[in-house]
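Data block below; observations after.
All of the numbers you see were taken from the coordinates with simple rules; none came from a lab. All values reported here derive from a predicted model rather than from experimental measurement. Because the Cβ atoms are built from the backbone with ideal geometry, glycine has one as well, and the counts that use them run over all protein chains shown.
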Amino acid sequence: MGKSYDKKACGARIKHTRINRNITQEQLAENVSISISFLYGIESGIKKPSLVKLINIATELDESLDYIVFGNDYAPASSEVHIEIERMLSHCDIPTAEKVRDILKLILPML
């Protein structure tokens with residue numbers, strides 16, 4: 001069984017990454033089109049953002065979505081591919097992202 005989503009741990013990773021990148025809450029919130037109070041709630045583990053918002057945050061922080069959500073870390077070569085995919089997904093609405101997810105679930109076992 002895979003890892004489950006822990007909003008407190010996810011928020012802590014977002015905050016840690018943001019601080020390490022010298023990005024303020026104000027800058028990140030503005031760049032991903034959320035309020036500062038919502039970002040504070042995410043970083044505190046109180047609020048649970050949508051998948052699209054998590055993708056936007058990960059992209060803005062130049063970090064993999066898998067790391068932000070689950071804490072998984074990958075080698076740099078593989079991270080570039082993940083970041084590219086995340087950027088592509090960040091332009092999708094939720095129904096489209098869900099379709100992409102469902103397609104990947106079907107294809108990945110065959111690879």
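Of the labelled options (1) 8.7; (2) 7.2; (3) 6.5, which one gives mean projected area of the Cα convex hull in nm² as computed for this structure?
Computing mean projected area of the Cα convex hull in nm² and matching it to (1) 8.7; (2) 7.2; (3) 6.5 gives (2).
Among the lysines, select those whose C-alpha is under 21 Å from the C-alpha of LYS105, and discard any that sit fewer than 8 residues away in the same chain.
Qualifying lysines at Cα under 21 Å: LYS3.
Tell me which lysines have Cα within less than 25 Å of LYS8's Cα, excluding those fewer than 8 residues away on the same chain?
LYS47, LYS48, LYS53
In degrees from 0 to 90, rounded to the nearest 10, what is the angle of the helix 51-60 Cα long axis to the longest principal axis of the chain?
70
Could you give the angle, 0 to 90 degrees to the nearest 10, between helix 76-89's Cα long axis and the longest principal axis of the Cα atoms of the chain?
It is inclined by approximately 80 degrees.
Can you tell me which of SER44, SER33, SER90 moves the most in a GNM of the chain? Springs connect C-alpha atoms under 10 Å apart.
Of SER44, SER33, SER90, the Gaussian network model singles out SER33 as fluctuating most.
In the Gaussian network model of the chain, springs joining C-alpha atoms below 10 Å, which of GLU26, GLU63, GLU43 carries the largest mean-square fluctuation?
Highest fluctuation among the options: GLU26.
For LYS47, put the label point 7 Å out on the Cα→Cβ axis and report which residues of region 1-32 keep their amide N under 19 Å from it.
From region 1-32, the list is 6-19, 23-32.
For the chain, what does the helix formula give at 222 nm: sum of -39500 (n - 2.57) over DSSP H segments with n ≥ 4, over the residue count, nearest 500 deg cm²/dmol?
-19500 deg cm²/dmol
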